[in-house]
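Here is the structure we will look at, set down as structure tokens.
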Amino acid sequence: MKAGRWIAAGIGLVAVGAAAVYAQKRNTEEPDFALIRAEGDFELRDYPALVVAEVTSSGDRQRASGPSFRRLAAYIFAQDRPEGGESIAMTAPVIQQETGAGRWQMRFVMPSKYTLDTLPPAPADITLTQVPARRMAAVRFSGNGGAADLAAREAQLRKWLAGQDIAPSGDAEFAFYDAPMVPGPLRRNEVLIPIGPA
């Protein structure tokens, strides 16, 4: 009987997680891209220019995540803007990249209806900028996206690129598509490596 209750509880958690995933995917804008090549979990994609809000925090990746996410969320939800205004819709993914020893940049991609001219002004520590069109290699995986998993997936992606005789043109970026309440097996994470202009 006890085992049955545990199984039922587990099924309930999976159902809640699946519902969260469905609601999130239905309502969350993601950047468009053109799929150039796909091979198993590996893809080559052409992304258009993207308008982003970005901030940098110090520490290891996980320690830097919280402050960066809160700063960017305060901007898009109009909690910390020089002029207030309406909220900006959350998009996916949230992107992180190490820009120096213990320095982590986080980016929120802005909804496609915005340009740099139409976005509300940001606080001084948040940069609004446009990332140029790029061709990116990507590997997709589930789970919680811890440091060891990200390192392993990055190594796999680099090995795949070497096998395709494709040279990276920049450092790896880590993309996280799901809210924290989504169970690990249902999450979508990606390692992305730029390989040149789109």
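The values are calculated or read from the model by the stated rules, or taken from the named source; none is laboratory data. Just so it is clear, the model here is predicted, and its values are computed rather than measured. Neighbour counts are summed over all protein chains in view; Cβ atoms, including those assigned to glycine, are modelled from backbone coordinates with ideal geometry. Ligands, DNA and RNA are excluded from the accessible area calculation, which covers all protein heavy atoms including side chains. Shrake-Rupley method; radii C 1.70, N 1.55, O 1.52, S 1.80 Å.
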For A138, state whether it is open to solvent by less than 30 Å² (accessible area, probe 1.4 Å), in contact with a helix residue (DSSP H, G or I) (Cβ under 7 Å, 6 or more places away or on another chain) and either closer than 21 Å to F69 by Cβ or among the small types (G, A, S) (or both). no
State the number of residues belonging to the range 99-121 that are touching a residue at least 40 places away in the same chain (Cβ under 8 Å) and either of a type outside the set (A, V, I, L, M, F, W, C) or outside any strand (DSSP E or B) (or both). 14
How about the range 146-197: which of its residues are in a loop (DSSP other than H, G, I, E, B), open to solvent by 70 Å² or more (accessible area, probe 1.4 Å) and of a type in the set (G, A, S)? A167, S169
Residue ranges of strands (runs of 3 or more DSSP E) in the range 21-97 with at least 1 members at pLDDT 95 or above and either under 24 Å from D117 (Cβ atoms) or open to solvent by less than 30 Å² (accessible area, probe 1.4 Å) (or both): 42-47, 50-58
Any residue at all in the range 145-166 that is touching a helix residue (DSSP H, G or I) at 6+ places or on another chain (Cβ under 7 Å) and at pLDDT 95 or above? no
Give the residue that is nearest to P185 (Cα to Cα), with candidates limited to residues of the range 122-135 that are open to solvent by 60 Å² or more (accessible area, probe 1.4 Å) and touching a strand residue (DSSP E or B) at 6+ places or on another chain (Cβ under 8 Å). R135
Return a yes/no flag: does the range 77-98 have any residue that is more than 25 Å from N27 (Cα to Cα), in contact (Cβ under 8 Å) with a residue 60 or more places away in the chain and in contact with a strand residue (DSSP E or B) (Cβ under 8 Å, 6 or more places away or on another chain). yes
